[in-house]
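Below: the structure, in structure tokens.
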Amino acid sequence: MEQYEPDRPTAVQLAAWRRSMTSGRGAMSRRAMLRATSAGALTVGGLAALSACGIPAASKNPGGVAADDHSKKEKRVTFSNWTEYMDVDDEDENRRPTLEAFTKRTGISVKYTEDINDNTEFFGKIKPQLAAGQDTGRDLICVTDWLAARLIRFGWVQKLDHSNMPNAFANLAPQFRDPDWDPGRAYSFPWTGIATVIAYNAKATGGREVTSVSQMLDDPKLKGKVGFLTEMRDTVGMTMLDMGKDIGSFKDDDYDAAIARLQKAVDNKQIRRFTGNDYTGDLDKGDLAACLAWAGDVVQLQADNPDIKFHIPESGYHTSSDNLLIPNKARHKTNAELLIDHYYQLPVAAELAAWISYVCPVEGVKPELAKIDEELANDPLIVPDKEMAARSNSFRSLSSKEESTYEEKFAKLTGA
């Protein structure tokens, strides 16, 4: 396991995190976007706290440090999740049907808290306890893949006992089974997948399809009406895929070539702007004719605007994931594993997917989802078909040095 070193973030990294939190994936409200709900953002003061000195030194013990498991005697589990990332009862928003079903079936109560507004902010909350080898007070957390990779590298999460998770082990979709940062899913299981696709407004394009990043970058008919994302992995990843590169094993030269290609489109004003999920309003109005978009947003936009279309490029698309992990020293590891497994039962997975509208990582969920909503079940942005799943690509893990260097180059491109 890599030992944690509390390096101070660079100015470029802090700027990238601010973009993510105020307009990027960190600010996404997950379905709440169209329900006038905000996921919140980390303040500048909060960012400063993350880079401050005085964080306890990392434990020198190897990863996977468990407390005594009190699951049998204490029939409870504490679960921290993102806002608007759980099904609620249509008539009573204080009730969460799938969690209630888990408690009814197992007798295990769930203390469910939506206290994750941003990966970096949440890392700041739990870092002091994890670094000191202490209990965070949480048995189960949900974080995006890059942070999951970091926690695993530092040895701050526990290895899962797959014997407690037969549904999860059997039903995990193939495209999510073997990320480079957690081979074989030894420490994590995905809550949802987040697909980056091409979205376009057919009215704004005059009925023409937009099918590739090359078209977005080069088509003169789209000049000044194209949007790319402020999230580096999405924008550069989709561009590298369009250039025929493998984003799971690219080199520095590949990254630089993608930046140069994007820079050309900035210089000739082909790209209107780089956006967070505020692209939704511009796309809906037609101010953006085409843009990179997150699949969950597209599903919601299409419900109200039939002109919103999407396309999966032949070159493939970028997929990230939000993942469930059990922190070191969690008191109720077995109960947490049983809760993970609960969400890989097909009827439960279908109920969750119908509510949050993100990529469901559960293989075989489509028939169950069709019982709830046939249109959602046939939407490849929620249940990828084999062709779409085959085009999924994940951005490789980055070292701290690479992340700093790449973010600096990306910030220069976007003018951040």
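The values are calculated or read from the model by the stated rules, or taken from the named source; none is laboratory data. Bear in mind that the values here come from a model prediction, so they are computed numbers and not experimental data. Using ideal geometry, Cβ is built from the backbone for each residue, glycine included, and neighbour counts are taken over all protein chains shown. Please note that ligands, DNA and RNA were not included when accessible areas were found on the heavy atoms of the full protein model with its side chains. Shrake-Rupley method; radii C 1.70, N 1.55, O 1.52, S 1.80 Å.
If I take all pairs of Cα atoms in segment 103-150, what percentage of them are more than 13 Å from each other?
Values: 728 of 1128 pairs.
Roughly 65 percent, rounded to a whole number.
Given segment 299-382 reduced to its alpha-carbon atoms as identical point scatterers, what log10 I(q)/I(0) does the Debye formula return at q = 0.11, 0.18, 0.25 Å⁻¹?
The Debye formula, applied to the Cα set alone, gives -0.41, -0.89, -1.24.
Accessible surface of Val213 in the full protein assembly, 1.4 angstrom probe, to the nearest 10 Å²?
Spelled out: Val213, probe radius 1.4 Å, area about 0 Å².
Would you compute the Debye intensity of segment 181-279 from its alpha-carbon atoms alone, equal scatterers and no solvent, and pass along log10 I(q)/I(0) at q = 0.15, 0.17, 0.21 Å⁻¹ to two decimals?
With no solvent term, the Cα-only Debye profile gives -0.68, -0.83, -1.14.
Given the convex hull over the Cα atoms of segment 126-260, what projected area results after averaging over all orientations, in nm²? Walk me through the numbers on the way to the answer.
Working: hull surface 46.8 nm².
One quarter of the hull surface, i.e. the mean projection, equals 11.7 nm².
What lysines sit close enough to Lys225 to cross-link, taking a C-alpha to C-alpha distance under 19 Å and skipping anything fewer than 8 places away on the same chain?
Lys203, Lys264, Lys269, Lys285, Lys309
If Rh is defined by the Kirkwood formula over all Cα pairs and Rg also comes from Cα, what ratio Rg/Rh do you get for segment 244-314? Working shown, then result.
On the way: Rg = 14.7 Å, Rh = 14.2 Å.
Answer for segment 244-314: 1.04.
Could you give me the ³J(HN,Hα) list for segment 280-292, computed from phi with Karplus coefficients 6.51, -1.76, 1.60 and θ = phi - 60°, whole Hz, x at Gly and Pro?
Values per residue, Gly and Pro as x: 4, x, 5, 5, 4, 7, x, 5, 9, 7, 8, 7, 7 Hz.
Please report the equivalent ellipsoid semi-axes of segment 265-416, computed as sqrt(5 x eigenvalue) of the Cα gyration tensor, largest first, in whole Å. Walk me through the intermediate numbers first.
Values: eigenvalues 195, 122, 38 Å².
Working through the eigenvalues yields semi-axes of 31, 25, 14 Å.
Give me the percent of the accessible area of segment 303-395 that comes from carbon and sulfur atoms, probe 1.4 Å, all protein chains in place.
On the way: 1700 of 3470 Å².
Answer for segment 303-395 is 49 percent, counting heavy atoms of protein chains only.
Which ³J(HN,Hα) values in Hz, rounded to whole numbers, follow from the phi angles of segment 160-168 under the Karplus curve 6.51 cos²θ - 1.76 cosθ + 1.60, where θ = phi - 60° and Gly and Pro get x?
Result, rounded to whole Hz: 7, 9, 5, 5, 8, 9, x, 5, 4.
Quick one: Karplus J couplings for segment 190-204, per residue in order, coefficients 6.51, -1.76, 1.60, θ = phi - 60°, nearest Hz, x for Gly and Pro?
Values, residue by residue: x, 7, 8, x, 10, 8, 9, 10, 8, 10, 8, 9, 4, 5, 6 Hz.
Work through the residues other than Ala204 whose Cβ is under 11 Å from its Cβ and net out their charges, Lys, Arg +1 and Asp, Glu -1.
Details: positive: Lys203, Arg208, Lys221, Lys225, Lys285, Lys309; negative: Asp282, Asp284, Asp287, Asp307.
Summing Lys and Arg as +1 and Asp and Glu as -1 gives +2.
For Lys73, list the lysines whose Cα falls under 30 Å from its own Cα; do not include residues on the same chain fewer than 8 positions away.
Lys104, Lys111, Lys125, Lys127, Lys159, Lys329, Lys333
Which trypsin sites (Lys or Arg not before Pro) in segment 209-318 pass both tests, a DSSP loop state and at most 13 other beta-carbon atoms within 10 Å?
Details: sites: Lys221, Lys223, Lys225, Arg233, Lys245, Lys251, Arg261, Lys264, Lys269, Arg272, Arg273, Lys285, Lys309; in loops: Lys223, Lys225, Lys245, Lys251, Lys269.
Answer by residue number: Lys251, Lys269.
Taking only C-alpha pairs under 8 Å that are 6+ residues apart, what is the relative contact order of segment 89-240 in percent?
Numbers: 63 pairs, mean separation 16.6, N = 152.
Once divided by the residue count of segment 89-240, the mean separation gives 11 percent.
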